[in-house]
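All remarks here apply to the structure that follows.
The values are calculated or read from the model by the stated rules, or taken from the named source; none is laboratory data. Keep in mind the model is a prediction, meaning the values are calculated, not measured. FYI the Cβ positions are ideal-geometry reconstructions off the backbone, even for glycines, and counts take in every protein chain you see. Areas reflect the complete protein model, heavy atoms only, side chains present, ligands, DNA and RNA absent. Shrake-Rupley method; radii C 1.70, N 1.55, O 1.52, S 1.80 Å.
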Number of protein chains: 2
Amino acid sequence: MIIEKILIVDPIDGEYCGDVEIEEGIIVNVRKKENFPRYVLMPGFVDPHTHGRAGIDCMSASSVEFEIWAEHVRKEGVSFLFPTTISSSKKLLEKVIYNFSKAYHPILSFLHFEGPFISKEKAGAQNKQYIMGFSKNKLPHLKNNVKIITAAPEVKGFEKLVKFAKDNNIIISLGHSNGTFKDFKSAFEQGIDRITHFPNALRTFYHREIGPIGAAFLYKFYVELIIDNVHLSPYFVKLMYKILGPERIILITDSISATGLKDGIYELGGLLVKVENGIAKTEEGILAGSTLRYIDAVKNFKKATNCSLKELSMVTSYNALKNLGMRGGRIKEGYPAKLVLLDENLNVVSTII
Amino acid sequence: MIIEKILIVDPIDGEYCGDVEIEEGIIVNVRKKENFPRYVLMPGFVDPHTHGRAGIDCMSASSVEFEIWAEHVRKEGVSFLFPTTISSSKKLLEKVIYNFSKAYHPILSFLHFEGPFISKEKAGAQNKQYIMGFSKNKLPHLKNNVKIITAAPEVKGFEKLVKFAKDNNIIISLGHSNGTFKDFKSAFEQGIDRITHFPNALRTFYHREIGPIGAAFLYKFYVELIIDNVHLSPYFVKLMYKILGPERIILITDSISATGLKDGIYELGGLLVKVENGIAKTEEGILAGSTLRYIDAVKNFKKATNCSLKELSMVTSYNALKNLGMRGGRIKEGYPAKLVLLDENLNVVSTII
């Protein structure tokens, strides 16, 4: 297959006009050509943090439902999907792993475990009953299905978790934490360089204890950002773009099952969530994920920062995969052909996988 | 007078060895010479925010006391001193202006009015009774003695204050404010580019309302910093150095009358202040200025940031004067000879005025 007359956007090589040739799922030829492009071709989007979609919740999804979920977001340009659990019983997490492992869809990548090794003080919309310190026997057998574990650096057993993660090729993302600047600094020095839905569910920034926000400003952390204009003000997004730079931002949706559906009452891993005007909250009024579609996060980020398309390809694809040590996020010979074709207004024309 | 064999530190030309020749208070010759310098020569320090020293309080100082105060800090390298008032009655402020205007010492520059046009919610150690919105008749006649007015952008009459300040060659510094990001953005667009003892007595940083801290990160504000390791953590200082850069930082002491004296009970413009271990607090436990000496601020900043001497000369002298539209802060032909000679550990050897 040859995709002709397109503006190719690569996170390293930048933006240029040309054609891309694909064979058996691999990019085999990228040709620069002077012409008027009809569309924009970007690396397929990566959503490493999402709890549900279209009535499907990660904690209760059947294998078929994981596939339906994947098909929904594939149409919107997502090429790598990481369904995300919340703190729950070992038994239920085991079931999620089982159902996920039996699902097949080319964009289903790995699970992201958000918890249960997090802080009760910063539980957000998670069930405190299941929050705990780390020990190996509290986790079900992951069988290579989990790539990310969100954990608080101050929890009991964190250092053991770091070792466990390294041994199992898992990336730890710091989050739902009441940890201080020093906790985050220390975690960074242990090789942990990622923060979950920054800076939601974290200690606030204060000039006598600069906290995780200060740590992200001083050290080279990757940060997940929910660009729905609800969790973060557009000015905050602009600030992250300016201070951290596009090299360190990873767009996520943190979407729940209500995404793509009408306002109403939904479930998030057993907790009831009320969605009003697209904003999801628990009974206590705490934000409970989003109803954000990935493509809207992309548009919102572009609007808040006025970034280049090259930078957009970093925050939507390349950075996430690089952080996870996965191959992709490039438009270059030899890379997997997971791509998204967009019009000039960043509407998805088609997803190529 | 010729000062020989010194490391000359200029905020623009940088650091180099040479001699400096002074005639009638003016630098007439700066010669570069290859040699081993005995001392470091920097532009004299500027303290644009200080309430007192050695038992002397700005609000009650006689003319002679202003001179004694100046002589105390001159010995520590300060060349430009801006005694600072706090919110008080028009009558008392009038008296301060009178006493200040009758004092003579070469480093006494202007007064800094900290209030009374500030926020009651962010009064800090100021007396709320005297806090109010701006109107011209609430101020005593300034008679060209006041260079800085700290005011909150959300107070009533702020736009009139901006006009009044422009007409009277006064610089407004935003502070003691509960204003939002948009209030600060709007003030910046009106030409106000300075923030008082940042970010003390300001709204905190939050990702859905990034406030004055966000504004300082996004716009080119000058910020006053109290580098006493009490008001600000050294990591915060490092962060400011990294994000704002040395071009936008102005070191201040915010020192009170207890500075240079023992722990005990002191007065700050009529309020009682308890000093324990050098930390000054009101009865309610609110920080009430500092007991910081300027030279210690200089050393603390150097330690927190590991900045160059050139950068140190920016934050201790050049930036403050540039922001106020005053000539100085350079070691260069034609500039006033207000200089400080330091040893390699930044101890003051002598102040040259």
Checked pairs for region A:222-251, first more than 19 Å from A:Phe188 (Cα to Cα), second basic (Lys, Arg) and open to solvent by 10 Å² or more (accessible area, probe 1.4 Å), C-beta under 6 Å and 6 or more apart or across chains, list as A:Ser233/B:Arg208
Name, by its number, the condition in (1) in a loop (DSSP other than H, G, I, E, B); (2) out of contact with any strand residue (DSSP E or B) (no Cβ under 7 Å at 6 or more places or on another chain) that does not hold for A:Glu333. (2)
Can you confirm whether A:Ala304 is in contact (Cβ under 8 Å) with a residue 60 or more places away in the chain, open to solvent by less than 10 Å² (accessible area, probe 1.4 Å) and of a type in the set (A, V, I, L, M, F, W, C)? no
If you go through A:Val146, A:Val223, A:Val230, A:Val237, the only one that is among the hydrophobic types (A, V, I, L, M, F, W, C) and surrounded by fewer than 19 Cβ atoms within 10 Å (Cβ to Cβ) is A:Val230
Output the residues belonging to region B:14-57 that are assigned by TED's automatic domain parsing to the domain that holds B:Leu268, part of a loop (DSSP other than H, G, I, E, B) and touching a Pro at 6+ places or on another chain (Cβ under 8 Å). B:His51
Quick one: in region B:69-102, which of the residues that are acidic (Asp, Glu) and open to solvent by 40 Å² or more (accessible area, probe 1.4 Å) is farthest from B:Ala297 (Cα to Cα)? B:Glu94
For region A:201-220, what are the residues that are within 10 Å of another protein chain (Cβ to nearest Cβ) and in contact (Cβ under 8 Å) with a residue 40 or more places away in the chain? A:Leu202
Got at least one residue in region A:76-85 being hydroxyl-bearing (Ser, Thr, Tyr) and closer than 21 Å to A:Ala280 by Cβ? yes
Any idea which of A:Leu268, A:Leu251 is modelled with pLDDT under 95, under 18 Å from the mean Cα position of the chain (by Cα) and not polar (S, T, N, Q)? A:Leu268
Do we have any residue at all in region A:17-30 that's surrounded by fewer than 17 Cβ atoms within 10 Å (Cβ to Cβ), more than 27 Å from the chain's Cα centre (by Cα) and touching a residue at least 60 places away in the same chain (Cβ under 8 Å)? yes
With the condition kept exactly as written, say whether any residue in region A:203-212 is out of contact with any strand residue (DSSP E or B) (no Cβ under 9 Å at 6 or more places or on another chain), in a loop (DSSP other than H, G, I, E, B) and of a type in the set (Lys, Arg). yes
If you go through B:Phe66, B:Phe45, the only one that is at pLDDT 95 or above, among the aromatic types (Phe, Trp, Tyr), within 24 Å of B:Gln126 (Cβ to Cβ) and open to solvent by less than 10 Å² (accessible area, probe 1.4 Å) is B:Phe66
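Just to verify a result, which residue in region A:183-200, among those that are open to solvent by less than 30 Å² (accessible area, probe 1.4 Å) and part of a helix (DSSP H, G or I), is nearest to the other protein chains (Cβ to nearest Cβ)?
Out of the qualifying residues, it is A:Phe184.
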Is it the case, given these coordinates, that A:Lys91 is of a type in the set (D, E, K, R) and either in the same structural domain as A:Val223 (by TED's automatic domain parsing) or under 18 Å from the mean Cα position of the chain (by Cα) (or both)? yes
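Residues checked against (1) assigned to a helix (DSSP H, G or I); (2) touching a residue at least 40 places away in the same chain (Cβ under 8 Å); (3) more than 20 Å from B:Leu174 (Cα to Cα):
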| residue | (1), (2), (3) |
| --- | --- |
| B:Met59 | no, yes, yes |
| B:Phe80 | no, yes, yes |
| B:Ser88 | no, yes, no |
| B:Pro116 | no, no, no |
| B:Glu121 | yes, yes, no |
Going by the conditions given, is B:Lys242 within 12 Å of another protein chain (Cβ to nearest Cβ), open to solvent by 10 Å² or more (accessible area, probe 1.4 Å), closer than 23 Å to A:Gly211 by Cβ and touching a helix residue (DSSP H, G or I) at 6+ places or on another chain (Cβ under 6 Å)? no
Filter result for A:Leu287 (within 17 Å of A:Ile227 (Cβ to Cβ) and surrounded by 15 or more Cβ atoms within 10 Å (Cβ to Cβ)): yes
